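One structure below.
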Amino acid sequence: MKFNNNAWLFSAKGNPLNFDIKTIKALESNQIVVENFYAGINPVDWKFIDHNPMNWPVGQVPGVDGVGKVIAAHDAEHQHLIGQMVVYHCSLQSDGSFGTHTVIYADRAMILPEGLNLAVAAALPCPLLTAWQAFSKIPVKKGHRVLLTGMGAVNKLLSQLLARAGFHVDVISKSLTDEQADVLNIKTIYREKPEFHHYHAIFDSNGQASATALVPYLRANGHIICILGRIDTPIDSAFSRTISYHEIALGALHTYGDKIQWHELMVDGRNLLESVIKGDIFVETPTEFRFELLNDALEFSKHQQKKAVVKIR
């Protein structure tokens, strides 16, 4: 069975995407076809389009987040998924969500919870699952202080996960308002360097230089979690403060993760989506673009630094 995928295609780094038809051919084991309703726009999308670090060929379909209806499955064990709505995050190495159809692995999809808005659902997989991976890196110690830097979509979700677990959450941000901090359960906003020097964990989304500069603000046995980039060499001498260094890369799980890890992540992700429906996790309403304006949605995300989604059908 073949499907015509009306999609936005990569042509060259730094260029707008081109709209064309790409045929989806025979499925492989464990694969399903999703007819997309919405695609989410993430910074990783326009960064890879601008710089092409993975040497995408001409005709690659970008986009890692989407929501839609399963319309075909390769394996008999996945036929029950046909007709169900799913939310997914797909690999940067395969054709993605910027088209009418996407092929994904059946065990890397979350069944859409009843009551979750489709546009909101499409905006969530990458930032929500990344936030969950970051949260899961550290032991939960109620009442201990943690620090976040780079208050984009990931850390706005992460701050709430940490607060729900009982952490005292501080942030460094030049733009976050007191009203936003209240919604996200943030205790203290620092505009520059923090005044506190004994954090249990620091979560950095600004890059290696930023994360490196913050390591001295950790207590002994503390944790530095890099959500953007990594610290290549430990800052402290051996057997001194024994800091734990962590790195986060959701996309890497597509290459290096096993079936058990994906099953656990999808179960956790579905539970997080349920928490969004219940109102336990606040999510900003994304800005919606028509499918024919997908390039505009990418520019909006890049320059406005706000969440966007594209309505496909």
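Readers should treat all values here as calculations from the given coordinates under stated rules, not as data from a laboratory. It should be emphasised that the depicted structure is a prediction, and the values quoted were computed from it without experimental measurement. Methodologically, a virtual Cβ is constructed for each residue, glycine included, from the backbone with ideal geometry; neighbour enumeration extends over all protein chains shown.
Brief remarks on what is shown
- Order of Thr212, Thr130, Thr285, Thr23 - criterion: other Cβ atoms within 10 Å of each residue's Cβ, fewest first: Thr23, Thr285, Thr212, Thr130
- Highest mobility in the GNM of the chain, judged by mean-square fluctuation with C-alpha springs under 10 Å and restricted to Asp20, Asp232, Asp45, is found for Asp232.
- Dipole of the chain computed with +1 at Lys/Arg Cβ and -1 at Asp/Glu Cβ about the Cα centre; of Ile235, Met266, Tyr88, farthest Cα towards the positive end is Ile235.
- Cleavage-rule hits, chymotrypsin sites (Phe, Trp or Tyr not before Pro), the range 73-130, DSSP coil, Cβ neighbours within 10 Å at most 12: none
- Label reach from Ala163 (point 7 Å along Cα→C-beta): in the range 177-198, amide nitrogens under 16 Å belong to 177-190.
- Integer Hz, Karplus 6.51/-1.76/1.60 couplings in order for the range 292-300, x for Gly and Pro: 5, 10, 4, 4, 5, 5, 5, 5, 4
- The range 126-172 and the range 185-220: distance between their alpha carbon centers, rounded to Å: 12 Å
- Ellipticity at 222 nm from helices only: DSSP H runs of n ≥ 4 in the chain, each -39500 (n - 2.57), divided by the residue count, give -8000 deg cm²/dmol.
- Spacing of the modelled spin labels on Ile82 and Arg313, each 7 Å from Cα toward Cβ, amounts to 1.5 nm.
- Length added when fully stretched, Ser136-Thr233, from 0.36 nm per residue minus Cα-Cα: 32.7 nm
- GNM flexibility winner over the chain from Lys259, Lys156, Lys187 (Cα, springs under 10 Å): Lys259
- Selected from Ala165, His246, Gly207, residue furthest toward positive end of dipole (the range 138-247; charges at beta carbon): Ala165
- Placing unit charges on the Cβ atoms only, positive for Lys and Arg and negative for Asp and Glu, gives the range 138-247 a dipole magnitude near 260 debye about its Cα centre.
- Dipole magnitude for the chain: computed about the Cα centre from +1 point charges on Lys and Arg Cβ and -1 point charges on Asp and Glu Cβ, it is near 400 debye.
- Extension gain from Met1 to Gln304, taking 0.36 nm per residue of separation minus the Cα-Cα distance: 105.0 nm
- Thr188 versus Asn52: modelled label distance in nm, points set 7 Å from Cα along the beta carbon direction: 4.8 nm
- Spherically averaged projected area of the chain from its Cα convex hull (nm²): 16.1 nm²
- In degrees, nearest ten, helix 259-278 long axis to first principal axis of the chain (Cα): 80 degrees
- Mean-square fluctuations from a GNM of the chain, with a 10 angstrom spring cutoff on Cα atoms, peak among Met266, Met151, Met54 at Met54.
- A simple spin-label model places the labels of Glu292 and Trp262 3.7 nm from each other, with each point 7 Å out along Cα-to-Cβ.
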